[in-house]
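Following: one structure in structure tokens, then a few remarks.
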Amino acid sequence: MTKSHYLVVRYQACETWLHPAAVDGHDTRCRGHEWADDVVDTTLITVPIAAVVADVLPPELVRRPALSEDRLLNPGPGEFLRPEVCGGIVVASPVPGIRSRRWARVATAAAKRNGHAGVRAAMDPGPLRRPRA
């Protein structure tokens, strides 16, 4: 039976754990923060609610989903995209401090119940918003 030791180095600037041999190459590529900080917080809203939400949200918060043509025309096993996904929209939260997925859940429920007025209400949390501690 052999004993195995794992040797890793924590790179301070971006909180990445690397093998010591990878540190030299990482020095030139490191952005100085975690990669997850570069990911834009968006979520997908499917058809038919997508049209209602897109009518109300500012255009800079709405975009079409980025789907590769190859995946649409020749999907592999388990890669089939439903039509409601292809016709949906990708949105960012209009409410500062609220993640897009949470906001989208509230907005879609409000849109199903009250249409455009429901989405407008979801854009302004008003007195119902609890302050973060």
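Please determine whether any residue of the range 98-110 is at pLDDT below 95 and outside any helix (DSSP H, G or I). Within the range 98-110, one or more residues are at pLDDT below 95 and outside any helix (DSSP H, G or I).
Checking 50, 104, 92 one by one, the residue that is in contact with a strand residue (DSSP E or B) (Cβ under 9 Å, 6 or more places away or on another chain), touching a residue at least 60 places away in the same chain (Cβ under 8 Å) and aliphatic (A, V, I, L, M) is 104 and no other. Counting residues in the range 65-85 that are touching a residue at least 40 places away in the same chain (Cβ under 8 Å), surrounded by 11 or more Cβ atoms within 10 Å (Cβ to Cβ) and within 20 Å of residue 124 (Cβ to Cβ) gives zero.
Residues are listed down the side, and each one gets a yes or a no for (1) within 18 Å of the chain's Cα centre (by Cα); (2) closer than 30 Å to residue 113 by Cβ; (3) among the charged types (D, E, K, R); (4) at pLDDT below 90:
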residue	(1), (2), (3), (4)
13	no, no, no, yes
23	no, no, no, yes
39	yes, no, no, yes
51	no, yes, no, no
67	yes, yes, no, yes
77	no, no, no, yes
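Selection of the range 31-64 for residues being surrounded by 15 or more Cβ atoms within 10 Å (Cβ to Cβ) and assigned to a loop (DSSP other than H, G, I, E, B) yields 42, 46, 57.
The values are calculated or read from the model by the stated rules, or taken from the named source; none is laboratory data. Just so you know, these numbers come straight off a predicted model, no measurement behind them. All Cβ positions, even for glycine, are placed from backbone atoms using ideal geometry, and neighbour counts span all protein chains on display.
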